[in-house]
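Contents: one structure, followed by commentary.
Nothing in this text is a laboratory measurement; each read-out follows from the coordinates by a stated rule. Note that this is a predicted model, so its numbers are computed, not measured. Don't worry about glycine lacking a Cβ; one is built from the backbone with ideal geometry, like all the others, and counts go over all protein chains shown.
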Amino acid sequence: MTSPGRDRLRELLDAVLDEDNRSLADMAGDAYASPFHFSRQVSGGAGESPVALRRRVVLERAAWQLRHGAPVTEVAFAAGYESVEGFSRAFARAYGRNPSSAAPGGKRDADWLPAPNGIHFHPPSSLWVSDEPVRRGGDEVTALLVHHGVEDTRGLLELAKGLPDEEYRRVRAAGLSVLPWDGAEETLAAVLDHLVWSLEVWVASLEGADTPDHGPDDAAALLDRHDAVAPRWLAAVRDVARRGAWNDRLVDALCDPPESFVLGSVVAHVLTYSAHRRQLARHWLREAGVAVDAGDPIEWLSRRDR
């Protein structure tokens, strides 16, 4: 039985796509269900049999690996095929071309095959659950908050560059933790670092990139990191808005255990905790003797419109 709060969709998909589960019996055993019951659950929830779902997503992963230069033989065996010939036949049936003709580049969904459920491979090791585009309005407000967030963060980093290191790293709230999994944020340095790091991690997840390296946290370095990630974050949110994809779901295998996230909730999460951390940074900059504005989006937009 699934315990309260568990993501049953993720559990079923994990069982279907686990590298060690090559048969329906393996998948069902991993999900603590009989093959018959497991097949009914997956087919009923996803509109696709477990075997067909696994085969399609594995081929999508193979197409992505081939476009990024992996050898056909390596990809074939990683996909669970016993021979390159068998893999090549399956790939050609699915894509209408030989695996050796895969071209580099392309968008995130370039390798997606037709699916009845919107479940697709999302590189490097995740799933993307696509929803039909539904316009819900409010995109303009979201865009304003996102732009204000990145520009406001940049302004705070510029102010922090002028602080002596002992002020920048002074413990100002012993034991403070904004989010339990992020650790302590007792200093201005830690709060500003988490502002940038949060964007870096979420952008990597949305782009299908590996978890980024955590760079240095002095204010000048954070400014460079922010200037590198901010345009990518803006582009990612614009893409979600353009496609009306706020209800698309990313199943992120980089989490432990993997979790599924609705894209709209990801943007809301970033905006919420960015605003909180920016106000903390303002309070501590004032404590350090730095004059700083209120961070009001009304004032920010008024200045931009002058």
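Its Cα gyration tensor gives the chain an equivalent ellipsoid, and the semi-axes of that ellipsoid, as √(5λ) in whole Å with the largest first, are 43, 21, 19.
The residue list L144, L176, V270 was ranked by how far each Cα lies along the charge dipole of the range 139-305 toward its positive end, using unit charges on Cβ atoms, and L144 comes out on top. For Y273 and A228, FRET efficiency with R0 = 25 Å and r from the beta-carbon atoms, rounded to 0.05? Working from the Cβ atoms, E equals 0.80. Over the C-alpha trace of the range 195-271, radius of gyration and Dmax come out as 12.9, 38 angstrom. Taking all Cα-Cα distances within the range 198-240, those exceeding 16 Å account for 35%.
The value obtained for the range 139-305, namely the Cα convex hull volume divided by the number of residues, is 111 Å³ per residue. Each Lys and Arg Cβ is given +1 and each Asp and Glu Cβ -1; about its Cα centre, the range 139-305 then shows a dipole of about 380 debye. Think of each Lys and Arg Cβ as +1 and each Asp and Glu Cβ as -1; about the Cα centre, that makes the dipole of the range 8-115 roughly 460 debye. Contact order for the range 139-305, expressed relative to its length and based on alpha carbon pairs under 8 Å spaced 6+ residues apart, stands at 26 percent. Using C-alpha pairs under 8 Å with a sequence gap of at least 6, the mean separation divided by the residue count of the chain gives a relative contact order of 16 percent. In the range 63-222, the C-alpha radius of gyration followed by the widest Cα-Cα span (Dmax) gives 22.4, 64 angstrom.
Phi angles across the range 62-78 convert, under the Karplus curve 6.51 cos²θ - 1.76 cosθ + 1.60 with θ = phi - 60°, into 3J(HN,Hα) values of 4, 4, 5, 4, 5, 5, 9, x, 5, x, 4, 4, 4, 5, 4, 6, 5 Hz, Gly and Pro given as x. Rg/Rh, computed from the Cα trace of the range 8-115 with Rh as the Kirkwood radius, has the value 1.00. Here the residues F261, F77, ranked from fewest to most Cβ neighbours within 10 Å of their Cβ, fall in the order F77, F261.
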